[in-house]
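Colleague: Below is a structure I'd like to ask you about.
Values quoted throughout were computed directly from the atomic coordinates according to the rules given, and no laboratory measurement underlies them. What you see is a predicted model; the values in this text were computed from it and never measured. Here the Cβ positions follow ideal geometry from the backbone for every residue, glycine too, while neighbour counts run over all protein chains shown.
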């Protein structure tokens with residue numbers, strides 16, 4: 001049974017997230033998540049890559065430790081919502 005990703009969103013406007021699968025890359029999604037009825041299918045034995053992009057010019061980013069999350073919503077019966085945390089040290 002394939003894994004169906006139904007939504008991808010981030011915890012802060014300073015972060016956007018994209019999935020890469022078989023050399024195809026989704027648009028970047030932010031705090032609003034992906035559009036309604038959007039989905040991507042990952043078949044057994046395939047894998048995808050999650051890319052997070054931080055906008056260091058955002059007013060939400062200050063010098064110091066930065067912790068943000070991306071949430072992946074899928075048809076996985078065990079983990080229908082998976083949160084990925086990214087940490088960075090922001091300097092002037």
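Colleague: Diagonalise the Cα gyration tensor of segment 14-59 and give the resulting equivalent ellipsoid semi-axes, square root of 5 times each eigenvalue, largest first, whole Å.
Modeller: Computed over segment 14-59, the values are 23, 13, 7 Å.
Colleague: Now for a different question. Jot down the per residue volume, in cubic angstrom and as a whole number, of the convex hull over the alpha-carbon atoms of segment 40-92.
Modeller: Taking only Cα atoms, segment 40-92 has a hull volume of 105 Å³ per residue.
Colleague: Note the per residue figure in Å³ for the convex hull of the C-alpha positions in the chain.
Modeller: 103
Colleague: In whole percent, what relative contact order does segment 3-90 give with Cα contacts below 8 Å and a gap of six or more residues?
Modeller: Dividing the mean separation by the residue count of segment 3-90 yields 36 percent.
Colleague: Can you give the FRET efficiency for residue 36 and residue 90, using 1/(1 + (r/R0)^6), R0 = 30 Å, r = Cβ-Cβ distance, to the nearest 0.05?
Modeller: Once the sixth-power term is evaluated, E becomes 0.35.
Colleague: Still on this structure: Output the peptides 67-74, 84-91 sorted from most to least packed, where packing is the average of other Cβ atoms within 10 Å over each peptide's residues.
Modeller: Result, highest mean Cβ count within 10 Å first: 67-74, 84-91.
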